[in-house]
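One structure below.
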Amino acid sequence: MPRRPFLLGLLAVVLLAAATLAVFAPPEPPRLALAPSPFLTSAAPAGVTPSVRTSSVTLRRGDTLLTALARLGLARRQSNEVAEALRASGADLRRLRPKDELEVTWTLEGEPIAVRWEPSPWLGFAAVATDAGWEVRRAETRPDVRVEAVQGEVRRSLFESVEALGESPQLVVELVEIFSSDFDFTADTRAGDRFRLLVEKRYAGDQFVDYGQILVAQYLSDGRMLTGVAFDDVRGRAAYYDPDGRSLKKSFLKSPLEFTRITSGFTWARPHPILGGMRPHLAIDYGAPVGTPVRAVADGTVTAAGWNGGNGIQVQLRHRSGYETQYNHLSRLGPGLRAGVRVSQRQVIGYVGSTGLSTGPHLDYRVAKNGRFVNPLGERFIPGEPLAGEDHRRFVKDARALVRRLEDAAAF
């Protein structure tokens, strides 16, 4: 970088020192988002002319560091130098995301002297211009992890109940995934159901950022209590188990969709909306918007994938123990799906549509056992594997303590 005048060089040194001492010591409290700092502000005492100014840009979809800095007015050469310095310091510029902010500090003569980016609430980078080039300082703080109890009662929907507590919908997703093999939240959720859980929450200062792990959760519906306890086995694998140490991850999911509503149940006599007359409906219809991902309910092999008459775009899977599943009226298939391909549980195999003999967007989901259709909501699938040996002994002790802690913190 060309040598700047003496005063500008002195200013850069002073700003670098201020950045090191004031910004990149662990902040108290840690910042959640970009905030004013001593070396990135144009504020000045009353009556004093500021010596620098700060501008910022919010990243848009498709932006790179270079395109974002160009919108702020940095020359291509300067942007490349900043990018090279950040990479050399360990910054992963692939982590740039839409809505991230970049801040640039300028001298009043229009020279950029600092660029700042925070890829997370606990990690920040500042590139400061010196006579030797751009020097980067890295700030890291540790999240403040707190274990908190959350409890509520379903009124209209589980989503609304969780949001009414001031919690994020992401917590609903994680809660449902724990019990996804034991309880179909799209079919069986009822007003009056109750839930409680202990969850790790990560904070930056007093500002909530995101969730860590759900340590223990319970869901009470129609007199049935579901309990899931997190546990890491001796090989470091994390999973959820019931209080007796049986895995909650069973061979089949209860539903091929995450959240939706049932529009038509399993029956041997239903008025057909298109063909007329009474016909069997040996399936569960899940009403959902076009494009909703459809998941394989179990590991299996694709036996058919494509157009199949009135079923529209269809996927058929063969599973162990004589089970087969069908997914009908799809808008399109999942990536790489064709006959003979192996799929895993929860893999996206297609997307909801309204192809074939369909009156509107929905998924027609069917399960057969040994060639005979069965009710997916009533079938008892293969149970999960239990813990054994030292894992089981350690789990039982930890699980009892966690359940007791949950009951003390959030009584039903």
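Could you please find all residues in region 281-335 being part of a strand (DSSP E or B), of a type in the set (Gly, Ala, Ser) and either modelled with pLDDT of 95 or more or crowded, with 21+ Cβ neighbours inside 10 Å (or both)?
Once the filter is applied, which keeps residues that are part of a strand (DSSP E or B), of a type in the set (Gly, Ala, Ser) and either modelled with pLDDT of 95 or more or crowded, with 21+ Cβ neighbours inside 10 Å (or both), region 281-335 yields GLY300, ALA304, ALA305, GLY306, SER331.
Determine the pairs where a residue that is on the phi > 0 side of the Ramachandran plot, located within region 382-398, has a partner that is not aromatic (Phe, Trp, Tyr) with Cβ atoms under 9 Å apart, the partner being 6 or more residues away or on another chain.
GLY389/VAL234
Among the residues of region 348-380, count how many are farther than 16 Å from ASN311 by Cα, outside any strand (DSSP E or B) and of a type in the set (Val, Ile, Thr).
Final tally of qualifying residues: 0.
Looking only at residues that are modelled with pLDDT of 85 or more and not in a strand (DSSP E or B) in region 220-237, which one is farthest from ARG400 (Cα to Cα)?
Applying the filter and picking the extreme gives ASP222.
Only one of GLU135, GLU148 is more than 30 Å from SER56 (Cα to Cα) and either of a type in the set (Phe, Trp, Tyr) or surrounded by fewer than 18 Cβ atoms within 10 Å (Cβ to Cβ) (or both). Can you tell me which?
Selected residue: GLU148, the only one of GLU135, GLU148 that is more than 30 Å from SER56 (Cα to Cα) and either of a type in the set (Phe, Trp, Tyr) or surrounded by fewer than 18 Cβ atoms within 10 Å (Cβ to Cβ) (or both).
From the list SER79, SER89, pick out the single residue that is surrounded by 19 or more Cβ atoms within 10 Å (Cβ to Cβ), of a type in the set (Ser, Thr, Tyr) and out of contact with any Ser or Thr (no Cβ under 7 Å at 6 or more places or on another chain).
Result: SER79 is the single residue among SER79, SER89 that is surrounded by 19 or more Cβ atoms within 10 Å (Cβ to Cβ), of a type in the set (Ser, Thr, Tyr) and out of contact with any Ser or Thr (no Cβ under 7 Å at 6 or more places or on another chain).
Of the residues that sit in region 136-155 and are charged (D, E, K, R) and assigned to a loop (DSSP other than H, G, I, E, B), which one is modelled with the lowest pLDDT?
Going through the qualifying residues, I end up with ARG142.
Report, by residue number, each residue of region 92-111 that is within 23 Å of GLY62 (Cβ to Cβ) and over 23 Å from the mean Cα position of the chain (by Cα).
If the condition is that a residue be within 23 Å of GLY62 (Cβ to Cβ) and over 23 Å from the mean Cα position of the chain (by Cα), then LEU102, GLU103, VAL104 are the ones that fit.
Looking at (1) among the polar types (S, T, N, Q); (2) over 30 Å from ALA409 (Cα atoms); (3) loosely packed, with under 14 Cβ neighbours inside 10 Å, which one does GLN170 not meet, given that it meets all the others?
Going through (1) among the polar types (S, T, N, Q); (2) over 30 Å from ALA409 (Cα atoms); (3) loosely packed, with under 14 Cβ neighbours inside 10 Å one by one, GLN170 breaks only (2).
What number goes with the only condition from (1) surrounded by 17 or more Cβ atoms within 10 Å (Cβ to Cβ); (2) touching a Phe, Trp or Tyr at 6+ places or on another chain (Cβ under 9 Å) that TYR351 does not pass?
For TYR351, the failing item is (2).
Looking only at region 135-142, decide whether some residue is touching a Lys or Arg at 6+ places or on another chain (Cβ under 8 Å) and assigned by TED's automatic domain parsing to the domain that holds LEU74.
No, region 135-142 contains no residue that is touching a Lys or Arg at 6+ places or on another chain (Cβ under 8 Å) and assigned by TED's automatic domain parsing to the domain that holds LEU74.
Restricting region 112-132 to residues that are aliphatic (A, V, I, L, M) and within 19 Å of LEU59 (Cβ to Cβ), which is modelled with the lowest pLDDT?
LEU123
Is region 396-410 home to any residue that is small (Gly, Ala, Ser), touching a strand residue (DSSP E or B) at 6+ places or on another chain (Cβ under 6 Å) and under 24 Å from VAL297 (Cβ atoms)?
No, that holds for no residue.
Would you confirm whether any residue within region 156-166 is assigned to a loop (DSSP other than H, G, I, E, B) and buried (at least 16 other Cβ atoms within 10 Å of the Cβ)?
no
Could you go through region 385-401 and let me know if any residue there is among the acidic types (Asp, Glu), surrounded by 17 or more Cβ atoms within 10 Å (Cβ to Cβ) and over 24 Å from LEU220 (Cβ atoms).
Within region 385-401, one or more residues are among the acidic types (Asp, Glu), surrounded by 17 or more Cβ atoms within 10 Å (Cβ to Cβ) and over 24 Å from LEU220 (Cβ atoms).
Residue by residue through region 111-126, note down the ones that are outside any strand (DSSP E or B) and either surrounded by fewer than 19 Cβ atoms within 10 Å (Cβ to Cβ) or of a type in the set (A, V, I, L, M) (or both).
Correct list: GLU111 only.
Return the residue satisfying two criteria in turn: it lies in region 78-92 and is of a type in the set (Gly, Ala, Ser) and outside any helix (DSSP H, G or I), and of such residues it is nearest to LEU65 (Cα to Cα).
ALA91
From the set of residues in region 48-77 that are hydroxyl-bearing (Ser, Thr, Tyr) and in a loop (DSSP other than H, G, I, E, B), which is farthest from GLU118 (Cα to Cα)?
Result: THR49.
So GLN345 fits all but one of (1) out of contact with any Pro (no Cβ under 7 Å at 6 or more places or on another chain); (2) outside any loop (DSSP other than H, G, I, E, B); what number is the exception?
The failed condition is (2).
The values are calculated or read from the model by the stated rules, or taken from the named source; none is laboratory data. It should be emphasised that the depicted structure is a prediction, and the values quoted were computed from it without experimental measurement. As a convention, Cβ positions derive from the backbone with ideal geometry for all residues, glycine included, and neighbour counts pool all protein chains shown.
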